[in-house]
Structures are given as structure tokens and as C-alpha cells.
Amino acid sequence: MTTAATALRTLLRHRNRLLTGLTGLLWLVIVILSLLPGSERPHTGYSGNLEHFIAYLGTAAVTAFAFPAASLFRLALPFCLASGLFELAQIAIPGRSPGVDNWMASSLGALAGIIAVRTVARPLLMRCLGRAP
């Protein structure tokens with residue numbers, strides 16, 4: 001067995017703690033960035049919808065890895081609800097403006113991240129490790 005395979009197996013043994021911790025951290029980042037005043041929020045220079053899509057895609061992908069037994073609905077629903085609540089909260093935050101388009105970009109990003117993990121990333125990882133998905 002190669003050193004890389006050994007390292008990967010070691011990581012997988014501790015994956016539950018690592019992935020749930022990373023999931024919590026990424027959710028915290030989304031909460032903070034969603035509720036910061038507009039003047040304090042970092043901007044990438046890309047469209048807000050693309051920023052939402054990518055942030056939720058990555059967070060949902062890690063969440064899907066962390067909770068492989070959860071249904072698509074149970075994984076996607078918290079993202080859809082949270083992004084909607086964040087958009088509503090932005091009504092009261094200076095320099096922020098809520099938008100249905102932002103909510104849709106966030107929700108679609110989360111769905112894309114979950115589906116990508118379920119249909120591509122996790123099966124590929126399991127095949128590389130010689131296990132059934």
C-alpha cells in the first residue's frame with residue numbers, strides 16, 4: 001500500500017469528527033458572511049449569485065460527506081430554509097438587500113453540491129478505496 005493510500009485511510013478513520021467539525025465551521029462562515037453589513041462583507045468581484053452558489057455548493061458538499069446516510073431532502077432543506085431566512089434578515093442590515101435570486105442561487109448551489117457528492121465524488125472515492133459506495 002502506498003503512503004498516500006495509508007494517509008487517506010487514516011483520514012477516513014477520523015472522518016466523522018473532521019467532517020462534522022468542518023461542516024460546522026463552514027456553516028458558521030455562511031452565517032457570518034450573510035449577516036455582515038454590506039460595507040464589512042468581503043467581495044470577490046464576481047456576481048453575488050455566483051458567490052452564493054459557490055459558497056453553498058462547497059458547504060453542502062462537505063455536509064453531504066459528513067452525513068452520508070441523510071436523505072437528499074434532509075440535507076437540502078436546512079440550506080434552503082437558512083438561505084431564505086438570511087435574505088429576510090438582510091432587510092434590517094445596512095448595505096444589504098435581500099433577493100429571491102440570491103436565495104435561489106444559494107439553494108441551487110446546495111442542491112448541486114449534495115448531488116455531486118452523492119453521484120460522483122463519494123462513489124469515485126469508494127471505488128478508489130476498493131469499497132462499495
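Per this entry, Leu57 is not counted among residues that are part of a helix (DSSP H, G or I) and open to solvent by 70 Å² or more (accessible area, probe 1.4 Å). Taking the numbered list (1) over 18 Å from Leu88 (Cα atoms); (2) surrounded by 11 or more Cβ atoms within 10 Å (Cβ to Cβ); (3) out of contact with any helix residue (DSSP H, G or I) (no Cβ under 6 Å at 6 or more places or on another chain) in turn, Leu22 passes all entries but (3).
Results for (1) over 14 Å from the mean Cα position of the chain (by Cα); (2) at pLDDT 95 or above; (3) open to solvent by less than 50 Å² (accessible area, probe 1.4 Å), shown as yes or no for each residue.
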position	(1), (2), (3)
Phe86	yes, yes, yes
Leu108	no, yes, no
Gly113	no, yes, yes
Val117	no, no, yes
Pro133	yes, no, no
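Quick check on my filter: what residues within the stretch 37-74 are touching a residue at least 12 places away in the same chain (Cβ under 8 Å) and of a type in the set (A, V, I, L, M)? Listed by number, the residues that qualify are Leu50, Ile54, Ala55, Leu57, Ala60, Ala61, Val62, Ala64, Ala66, Leu72.
Evaluation of Glu51 against the conditions (1) part of a helix (DSSP H, G or I); (2) open to solvent by 40 Å² or more (accessible area, probe 1.4 Å); (3) of a type in the set (D, E, K, R) shows that the sole unmet condition is (2). The single condition from (1) in contact with a Ser or Thr (Cβ under 9 Å, 6 or more places away or on another chain); (2) open to solvent by 40 Å² or more (accessible area, probe 1.4 Å); (3) part of a helix (DSSP H, G or I) that Asp101 fails is (1).
The values are calculated or read from the model by the stated rules, or taken from the named source; none is laboratory data. Just so it is clear, the model here is predicted, and its values are computed rather than measured. Virtual Cβ from ideal backbone geometry, glycine too; neighbours counted across all protein chains shown. Note: accessible area is taken over every heavy atom of the protein model, side chains too, but ligands, DNA and RNA are not part of it. Shrake-Rupley method; radii C 1.70, N 1.55, O 1.52, S 1.80 Å.
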